[in-house]
Amino acid sequence: MSAVGRSGFLATCAAALMILLPQSSRQNSMLEGIPSGKTRVLDLSYAISDKLVPWPGDEKFFEAKVNATVEKNGYFTRSFWMLEHYGTHLDAPAHFPPGKTTVDQIPARKLMGPAVVLDVRTEGAKDADFQLPAASVEEWEKRHGRILEGAIVLLRTGWASRWPDAQRYRNQDGQGKMHFPGFSAGAAKLLIERKVSGLGCDTMSIDYGASGDFAVHHLALGAGLYHLENLADLSEMPESGAFLVAAPIKLEGGSGGPVRVFALLP
Ligand SMILES: [Zn+2]
């Protein structure tokens, strides 16, 4: 490498550091602020019980039994049974072919990433069948910059305000068809191109409620993404700048399972 080449290289490194340092120090201060409460941590999961909203047709979804009591045994334990797709849960790619990865096989690093929040509360209030178009993803990018590889993209419909009222949350018509907003196939394709790790929503499904073919499920899970469904209230999430940690049950061979989702707010 020539002297000129070397100084050019060093200048490039310095410029890269200037760009990288503020971001990494921002992230460090975000982590350091957790114990003091300076960094807010939101829990985006619902507590699991038999009172949640199951998918239409699921008759048995949760059961808990007391196995040992303090009075009898000196300690307290329970056993529980539940569906993999109940309450706040993760869909692993294996849930919908051609997806293959089961919940235990999703790499841990893919379960953490910057949160992108796409807000459709206004559109969803007017039209419960609203599907987020790809153009809305591009509009988000105009405001906040290109979506990063490994991001986790959340659709904020406002439907969490209806939880756990099954009738209002599912919003079924006379034929039993559900009505709530979702991602469009076009938006899913664009987000797959951006190499995001997962899609999430504050409704029962990533696909809009009236979907008959689950197009987004097939596309996104087929591309190796995962879904976070029935997320709790997203109203405090910024459109950009939060960091998400999704911790699903590590159930061998599972098509998905209950997930605890935390958001770190700057
Ligand atoms: Zn799903």
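What number, in percent, do you get for the relative contact order of region 119-266 if the mean sequence gap of Cα pairs under 8 Å and at least 6 apart is divided by its residue count?
So the answer I get is 24 percent.
Where in region 49-86 are there trypsin sites (Lys or Arg not before Pro) that are in a DSSP coil and have at most 15 other Cβ atoms within 10 angstrom of their Cβ?
Here the trypsin sites (Lys or Arg not before Pro) that fit, given the DSSP loop and packing criteria, are Lys51, Lys60.
Any chance you could list the semi-axes, whole Å, largest first, of the equivalent ellipsoid that the Cα gyration tensor gives for region 59-202, using √(5λ)?
Value: 34, 22, 15 Å, ordered largest first.
Roughly what % antiparallel, to the nearest 5, for the DSSP beta bridges in region 44-178?
60 percent
If you line up the Cα atoms of region 40-122 on their principal axes, what length do they span on each, largest first, in Å?
Its Cα atoms span 50, 37, 33 Å along the three principal axes.
Give Lys60/Lys250; Lys110/Lys142; Lys65/Lys250; Lys38/Lys110; Lys142/Lys195 a once-over and call out the pairs whose C-alpha atoms are over 30 Å from each other.
Beyond 30 Å between Cα atoms: no listed pair.
Return the ratio Rg/(2.2 N^0.38 Å) for the chain, where Rg is computed over Cα atoms only.
1.14
Show me the helices of the chain, taken as full DSSP H stretches, that run 18 Å or more along their long axis by Cα and average 0.0 or above in Kyte-Doolittle hydropathy.
3-36
From the mean inverse distance of alpha carbon pairs (Kirkwood) and the Cα radius of gyration, derive Rg over Rh for region 148-266.
Rg divided by Rh gives 0.95.
Bear in mind that the values in this text are calculations on the coordinates, not laboratory data. These numbers were taken from a predicted model, which means no experiment stands behind them. Every residue, glycine as well, gets a Cβ built from its backbone with ideal geometry; the counts of neighbours run over all protein chains shown.
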